[in-house]
Amino acid sequence: MKKSIFKLQCPAPKFDFDIITLAHGSGGLLTNKLLESGVFDLLKNEELDKHHDGALLNFGSDTVAFSTDSFVISPVSFPGGDIGELAVNGTVNDVAMCGGIPQYLSLSFILEEGLPIKEFWDILVSIKYAAEKSGVKIVTGDTKVVDKGKGDKIFINTTGIGRIHPEAEIDINHIKEGDKIIISDNIATHGIAILSVREGLEFETTIESDTRNLNHITVKLLDRFGKKIHLFRDPTRGGVASTLNEIASDSQLGIVLKDENIPVDDQVKAACEILGLDPLYAANEGVFMAIVSAEIADDLLQYLRTFEEAKNASIVGEFVNDHQGKVLITNPLGGKRVVHMPVGEQLPRIC
């Protein structure tokens with residue numbers, strides 16, 4: 001079939017917008033509309049339809065987790081890390097969220113003409129450090145250079161692959177009424193760390209990004225709790241609010257959160273209040289959510305808190321049959337509000 005005929009058979013859908021804006025990369029409502037109306041509908045298949053950060057691929061008797069991500073953060077270096085460390089950790093974590101054990105990464109660079117070699121070398125060192133800490137090998141990649149002014153120092157793409165944990169059955173279809181939502185650590189730290197650098201904000205102590213690999217923790221959780229863990233997700237772009245709205249929509253269940261149980265560092269919370277930001281919408285890079293059967297929630301929480309990277313873990317909510325597809329949050333006084341999918345971009349170029 002000729003491409004011209006093929007195109008006629010694929011008419012463009014009616015989008016609510018005429019151009020792509022920065023907000024389409026926020027992970028919020030506009031990202032969701034772009035993907036749902038365009039990418040997912042046109043390219044649909046049984047794996048893509050799961051709307052996960054990665055895919056489970058079957059090769060005969062073997063199943064592997066596969067994920068890819070691109071990193072375009074500004075500034076490329078920030079308190080607690082840089083774009084190199086972020087790129088490795090981000091893709092390692094996406095594979096882990098599938099119930100996978102990350103093993104190999106590809107690494108591709110788009111470099112802007114004029115990038116200092118010293119800065120590029122420092123990023124490479126961070127990549128090596130993060131890969132060794134995660135236990136993955138970088139086995140292939142690519143490098144391109146664009147004209148000065150047509151990039152922003154450096155963009156990185158990483159693709160990860162790894163075998164599935166034998167006890168993992170991570171699938172949104174396994175979520176049921178009564179399942180508990182556990183967040184592994186304080187939220188919003190990465191977003192506020194980036195904002196503090198961009199805006200020159202000063203706090204009592206430096207707020208550092210939480211970028212870290214999570215695969216060693218998820219493997220140990222699967223070792224101990226296995227199929228009682230129904231879903232893992234890392235709330236990166238768009239934060240906890242975006243991720244939970246996506247899960248509620250796809251599962252067709254409602255979610256109720258307890259405001260007092262949301263773990264946020266006091267200094268980060270104060271910064272959010274000053275800046276008029278909601279921590280639920282801020283990006284994270286070293287936090288994951290686990291959706292688990294109610295019967296194991298308390299035991300899993302206690303075990304999770306034994307890890308230094310999850311000492312502030314908390315059960316923050318549960319799934320209900322009411323208000324299907326929506327997320328509500330309650331406060332200690334009994335008040336309730338809807339946690340909507342973010343419409344715009346709180347903080348662009350964040351990951």
- Item | Qualifying positions in segment 50-67 - touching a helix residue (DSSP H, G or I) at 6+ places or on another chain (Cβ under 6 Å), modelled with pLDDT of 90 or more and within 22 Å of Gly238 (Cα to Cα) | Ser67
- Task: For segment 87-104, indicate whether the set of residues that are of a type in the set (Ser, Thr, Tyr) and farther than 30 Å from His174 by Cα is non-empty.
- Result: no
- Note on the structure: Only unsatisfied item for Leu57, checking (1) under 17 Å from the mean Cα position of the chain (by Cα); (2) assigned to a strand (DSSP E or B), is (1)
- Lone unmet requirement of (1) touching a residue at least 24 places away in the same chain (Cβ under 8 Å); (2) more than 21 Å from Asn213 (Cα to Cα) for Val264: (2)
- Just for strands (runs of 3 or more DSSP E) wholly inside segment 271-351: which have at least 2 residues that are farther than 17 Å from Asp179 by Cα? 336-338
- Message: What pairs come out if I take residues in segment 125-144 that are touching a residue at least 24 places away in the same chain (Cβ under 8 Å) and more than 11 Å from Thr158 (Cβ to Cβ) and pair them with residues that are assigned to a helix (DSSP H, G or I) and among the acidic types (Asp, Glu) whose C-beta lies under 8 Å away, six or more apart or interchain?
- Response: Ser126/Glu85; Tyr129/Glu85
- Task: Given the conditions (1) farther than 23 Å from Asn331 by Cα; (2) assigned to a loop (DSSP other than H, G, I, E, B), report the number of the one that Pro263 does not fulfil.
- Result: (1)
- Message: Quick test for you: out of Asp49, Asp53, Asp82, Asp62, pick the one residue that is more than 25 Å from His216 (Cβ to Cβ) and either without any contact (Cβ under 8 Å) to a residue 24 or more places away in the chain or out of contact with any Gly (no Cβ under 9 Å at 6 or more places or on another chain) (or both).
- Response: Asp49
- Answer with yes or no whether Gly160 is touching a Leu at 6+ places or on another chain (Cβ under 6 Å) and surrounded by 15 or more Cβ atoms within 10 Å (Cβ to Cβ). yes
- Item | Those residues of segment 169-205 which are of a type in the set (Val, Ile, Thr) and either surrounded by 21 or more Cβ atoms within 10 Å (Cβ to Cβ) or under 15 Å from Arg233 (Cα atoms) (or both), in sequence order | Ile170, Ile172, Ile175, Ile181, Ile182, Ile183, Ile187, Thr189, Ile192, Ile194
- Query: When you look at Pro116, is it closer than 21 Å to Arg212 by Cβ, more than 16 Å from the chain's Cα centre (by Cα) and not assigned by TED's automatic domain parsing to the domain that holds Ala283, yes or no?
  - Reply: no
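The values are calculated or read from the model by the stated rules, or taken from the named source; none is laboratory data. This one's a predicted model, so the numbers in the text were calculated from it and none came from an experiment. Positions of Cβ are backbone-derived with ideal geometry, glycine not excepted, and every protein chain shown enters the neighbour counts.
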